[in-house]
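Only one structure is covered here, and it is reproduced in the block below.
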Amino acid sequence: MKRSKNINLARMRKGRGASFVLRPLAMGITVALMGCSSDEEVKVVSSVEDCVNNTQLDKAQCEAAYQKALAEAERTGPKYARLSQCESEFGSCRESSGGFWMPLMTGFMVASLLNDNDRRYHSYGYYNPVYRYSASGSRYYDRLMTADGQVIGRYGKSSYTVNKSAMDPKPKVTKTVSRGGFGAVASAKSNWGGGRSSSGRSGSWGG
Amino acid sequence: MLRLPINERPHWKERAQEFGFHFHTMYGEPYWDESAFYQFSLEQIEQDIEDPTEEIHAMCLDVVARVLEDETLLRRFRIPEQHWDFIRDSWKNGDPSLYSRLDFAYSGQGPAKLYENNADTPTSLYETGFWQWLWLQDNVDRRALPLQSDQFNSLQEKLVNRFRDLQFLTPGRELHFACCKDTLEDRGTVQYLQDCASEAGITNHFVFIEEIGCDAEGAFTDLDDQVITWMFKLYPWEFMFREEFGSLLGGNNVRWLEPPWKAILSNKALLPMLWKLFPGHPNLLPSFFEDELDKAEGYSELVKKPIFSREGANISIVRGGDVHSLSDGPYGEEGFIYQAMHSLPKFGQNFTLVGSWLVDDMAAGISIREDSNLITQDMSRYLPHIIL
């Protein structure tokens, strides 16, 4: 057979409402889907001391983890142009080195059970910061969440069950200083309207 | 290779609505045309299209390696000098490619002749990989075509598999897709690739080319201020090189689809280079740079093509000292190349072009375009095909 054996038609359907995505807040909160095998139990620790007392990492590992989580918070954390915007969602905020406002990291996640492989991994591992959402009246009030808005659970529990994806690195967020630096050539060429519709609208820029 | 009439599927426009195929009719003219189809033998597909497609692709990669080592050639390809290292690095690093389309003049007999390589921003992908596949499926289901009908079209399967490979080669990054505003066709093509990437499990986003931003460090951003680290752009490299943000290329950590080295292949200067390296190859047409037209004296008719152009724009025919323009357009300021005249085959009143797709280096299927004119442009009709 020289053609695709099977195509997932459900994914290809684009009926009305099929691709509707609900993003309730600026952060785009997503509630973690609790599957079976893809879940993991994690501790959320707020300091090096908390980390030493409540996880299987030792002091040196906890120090390193804390520093990594802080750096990660700087890189991926929610960023706001105004202090008031940040405070309305997260209460306590600070000014970042890049000149915008970011919530204080409430803590970072460490897996509850570490096997030997995990221990080795954790000596150079990745630690995701979490933030305490505190917009009054929101259904996410007092929930812990990662930088992409994935909810970990209510603040203050001794451990949390999360989807493994909650442990993945988050994309970096920054402050855009300029837009529109691409597209000028296409725009110039589309003013040429010959051979197409009288509207002069551009067709494909592919070929 | 035959052109055969067939009844349209009775409710195909509702079907198009169901699957979000919104550009089957453009500017009031039919673009997707299922009142007929082309029929090939398996031998024609495998020997005349599939094998030459992979062979020519390999030859094209030889050209890339040569050009990147030679500053004279980089100038001939009109690559701005400030981007040479950007392109060279992407080649040295082995940046992976996704797809491309070779356009052939093929009549069913004799060798298919290469017209050009759309290696950077090929379109008509959705129509090929999905929509003509569905057309065959529907027509076999309603017994309008024989049960054993097949199609040279593993494009979607190969794209999904390729995206799985690309995710493995690009760990820890989310993929941004981009195309220009105000073009339904390009947005449709990009949506299709997003569907294939999603099928492969890749987290992906969309941003219009015009909306891409940059931060103080020169990183590219989307409208959510997320830093772009991996991007598919349905937008020509030669445009990006010459635009304001072009100066940031190479200075920020982005993986690109198609990779920057594709700028050498989507360039019509490829054609005379292929002829220089593989003279007399059965699937190549004799082609020449503007300053070596003395070598073209034996050819009574030459086709003059801009080094950079899209959708068959700015083509003319040269007979001796006589230049006859076949299509106009906004291209040509970077110069032209010349290709020996070889007309498209005619089926009834239609000139027919065969587009042969590659996913990475594997031949993956064909698309057929028809025009009443000798030049295939963006309004040429798309017809499905079968193998029987």
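The values are calculated or read from the model by the stated rules, or taken from the named source; none is laboratory data. This structure is a prediction, so every number in the text was calculated from the model and none was measured. With ideal geometry, Cβ positions are generated from the backbone for all residues, glycine too; neighbour counts draw on all protein chains shown. Quick note on the areas: whole protein, heavy atoms, side chains included, nothing else; ligands and nucleic acids left out. Shrake-Rupley method; radii C 1.70, N 1.55, O 1.52, S 1.80 Å.
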Residue B:280 vs. criteria out of contact with any Cys (no Cβ under 6 Å at 6 or more places or on another chain), of a type in the set (Gly, Ala, Ser) and either more than 20 Å from residue B:115 (Cβ to Cβ) or buried (at least 20 other Cβ atoms within 10 Å of the Cβ) (or both): no
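With respect to residue B:90, determine if the residue is more than 8 Å from every other protein chain (Cβ to nearest Cβ), hydroxyl-bearing (Ser, Thr, Tyr), under 29 Å from residue B:307 (Cβ atoms) and in contact with a Lys or Arg (Cβ under 7 Å, 6 or more places away or on another chain).
In short, no.
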What is the number of the single condition among (1) within 11 Å of chain A (Cβ to nearest Cβ); (2) more than 19 Å from residue B:367 (Cα to Cα) that residue B:68 does not meet? (1)
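Looking only at the range B:168-194, how many residues end up being closer than 15 Å to residue B:359 by Cβ and either open to solvent by 10 Å² or more (accessible area, probe 1.4 Å) or not aliphatic (A, V, I, L, M) (or both)? Steps first, answer last, please.
Residues of the range B:168-194 closer than 15 Å to residue B:359 by Cβ: B:169, B:189, B:192-193.
Going one step further and asking which of them are either open to solvent by 10 Å² or more (accessible area, probe 1.4 Å) or not aliphatic (A, V, I, L, M) (or both), we end up with B:169, B:189, B:192.
Total meeting the criteria: 3.
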From the options B:240, B:231, residue that is in contact with a strand residue (DSSP E or B) (Cβ under 6 Å, 6 or more places away or on another chain) and closer than 20 Å to residue A:206 by Cβ: B:231
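Every residue, every condition in (1) in contact with a Phe, Trp or Tyr (Cβ under 7 Å, 6 or more places away or on another chain); (2) closer than 18 Å to residue B:234 by Cα, yes or no:
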{"site": "B:76", "(1), (2)": "yes, no"}
{"site": "B:79", "(1), (2)": "no, no"}
{"site": "B:86", "(1), (2)": "no, no"}
{"site": "B:89", "(1), (2)": "no, no"}
{"site": "B:100", "(1), (2)": "no, yes"}
{"site": "B:103", "(1), (2)": "yes, no"}
{"site": "B:133", "(1), (2)": "no, no"}
{"site": "B:141", "(1), (2)": "no, no"}
{"site": "B:155", "(1), (2)": "yes, yes"}
Could you check the range B:279-335 for strands (runs of 3 or more DSSP E) lying wholly inside it with 2 or more residues that are of a type in the set (Phe, Trp, Tyr)? B:287-289
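Being of a type in the set (A, V, I, L, M) and farther than 18 Å from residue B:50 by Cα narrows it down to one of B:374, B:353, B:388, B:358, so name that one. Reasoning before the result, please.
Values: B:353 fails: farther than 18 Å from residue B:50 by Cα; B:388 fails: farther than 18 Å from residue B:50 by Cα; B:358 fails: farther than 18 Å from residue B:50 by Cα.
Residue meeting the stated conditions: B:374.
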Would the range B:227-240 turn up any residue that is open to solvent by less than 10 Å² (accessible area, probe 1.4 Å), farther than 30 Å from residue A:98 by Cα, within 10 Å of chain A (Cβ to nearest Cβ) and among the aliphatic types (A, V, I, L, M)? yes
Across the range B:106-130, which residue is modelled with the highest pLDDT among those that are surrounded by fewer than 24 Cβ atoms within 10 Å (Cβ to Cβ) and closer than 27 Å to residue B:195 by Cβ? B:130
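Going through B:212, B:264 one at a time, which residue ends up being over 22 Å from the mean Cα position of the chain (by Cα), buried (at least 22 other Cβ atoms within 10 Å of the Cβ) and farther than 23 Å from residue A:14 by Cβ?
On the way: B:264 fails: over 22 Å from the mean Cα position of the chain (by Cα).
Among B:212, B:264, only B:212 is over 22 Å from the mean Cα position of the chain (by Cα), buried (at least 22 other Cβ atoms within 10 Å of the Cβ) and farther than 23 Å from residue A:14 by Cβ.
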What pairs come out if I take residues in the range B:215-231 that are hydroxyl-bearing (Ser, Thr, Tyr) and assigned to a loop (DSSP other than H, G, I, E, B) and pair them with residues that are open to solvent by 40 Å² or more (accessible area, probe 1.4 Å) and modelled with pLDDT under 95 whose C-beta lies under 6 Å away, six or more apart or interchain? B:229/B:173
